[in-house]
1. Output the residues belonging to region 1-50 that are more than 16 Å from ligand 1 (Cβ to nearest atom) and in contact with a Phe, Trp or Tyr (Cβ under 7 Å, 6 or more places away or on another chain).
2. From A22, A54, A85, grab the single residue that is over 25 Å from L168 (Cβ atoms) and in a strand (DSSP E or B).
3. Residue check: is A119 part of a loop (DSSP other than H, G, I, E, B) and away from ligand 2 (no atom under 16 Å from the Cβ)?
4. Which one is surrounded by the fewest Cβ atoms within 10 Å (Cβ to Cβ), of the residues in region 145-162 that are closer than 13 Å to G181 by Cα and over 17 Å from the mean Cα position of the chain (by Cα)?
5. Return the pair list, or none, for Cβ contacts closer than 8 Å from residues in region 24-43 that are over 17 Å from P4 (Cα atoms) to residues that are near ligand 1 (Cβ under 7 Å from one of its atoms) and in a helix (DSSP H, G or I), at least 6 apart or on different chains.
6. Can you tell me which condition V23 does not meet? The list is (1) in contact with a strand residue (DSSP E or B) (Cβ under 8 Å, 6 or more places away or on another chain); (2) more than 16 Å from ligand 2 (Cβ to nearest atom); (3) hydrophobic (A, V, I, L, M, F, W, C); (4) under 22 Å from G180 (Cβ atoms), and all the others hold.
7. Can you name the number of the only condition in (1) within 29 Å of A186 (Cα to Cα); (2) within 16 Å of ligand 1 (Cβ to nearest atom); (3) touching a residue at least 12 places away in the same chain (Cβ under 8 Å) that W75 fails?
8. I'm checking my understanding of the structure. Among residues of region 68-95 that are under 18 Å from the mean Cα position of the chain (by Cα) and surrounded by fewer than 17 Cβ atoms within 10 Å (Cβ to Cβ), which one is nearest to L45 (Cα to Cα)?
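All of the numbers you see were taken from the coordinates with simple rules; none came from a lab. Not measured: the values here are computed from a predicted model. So basically every Cβ, Gly included, is an ideal-geometry build from the backbone, and we count neighbours across all protein chains shown.
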Amino acid sequence: MLFPRMASRIVERLPRANRGRAVLVTSARRGEGKSYIAARLATALVGQIDGAIALVECSTGSPGSSDGTVASISWTDLVTNRSRAVPPPAILGAGALVRIPCGNGEAATPFRSAGIAYALNLLRERFAFVVLDGPILSDTGVLSACSDGSVIVINARRTRREVVRGSLRAYPIVPEKLLGGVLNEAPRYVPKWLYRRAL
Ligand SMILES: Nc1ncnc2c1ncn2[C@@H]1O[C@H](COP(=O)(O)OP(=O)(O)O)[C@@H](O)[C@H]1O
Ligand SMILES: [Mg+2]
């Protein structure tokens, strides 16, 4: 897969904005490569976007990357920040690519809509682009609604299209915000419906 091309196609599909845009990376099932794809996307964006990129681990699991610098504040801290104090810039990390670790308590975060709106707002002010390495669709809560777009990672070897469709029916994403599927570990054959929307 050509990651710079995937990144530019994702950026093209997002509305323009005068602050940072946020994209959620999710999937129907666990282990399909969300963290892997989110990290490749964030790295590819460094060369394409003017400004810093944040890669946010919104769920626990192995991080998809060790690139960039790590912020000293976690996603959980940002979402649950009761004082709503704005962390000093240094705490949010410096450099072209900053990783924001998940922290503890991730299980409770996807449905904290006020906290997520606050955290994303803050990240959009500080970063030109925010890549959310999200949980699976059933656990995304308000994350997709709070993002500018979502991409669905599909492991082409083990997840059938019915599973993805079923998941999207149960946990819908508004069509304008559904940017498309990213086929991970694809064999040569790509189903047509995916091919049309594949990034
Ligand atoms: N395209 C790929 N090439 C090589 N390894 C991959 C690829 N996609 C995923 N992996 C590996 O598969 C495992 C599961 O992927 P991960 O990104 O952690 O899934 P998820 O975040 O969706 O649970 C990880 O060890 C990851 O490094
Ligand atoms: Mg993961």
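1. The answer is G20, R21, L45, I49.
2. A54
3. No, not satisfied.
4. In this case the residue turns out to be R160.
5. Listed pairs, sorted by first residue: T26/K34; S27/K34.
6. Going through (1) in contact with a strand residue (DSSP E or B) (Cβ under 8 Å, 6 or more places away or on another chain); (2) more than 16 Å from ligand 2 (Cβ to nearest atom); (3) hydrophobic (A, V, I, L, M, F, W, C); (4) under 22 Å from G180 (Cβ atoms) one by one, V23 breaks only (2).
7. (1)
8. By that ranking, first place goes to T69.
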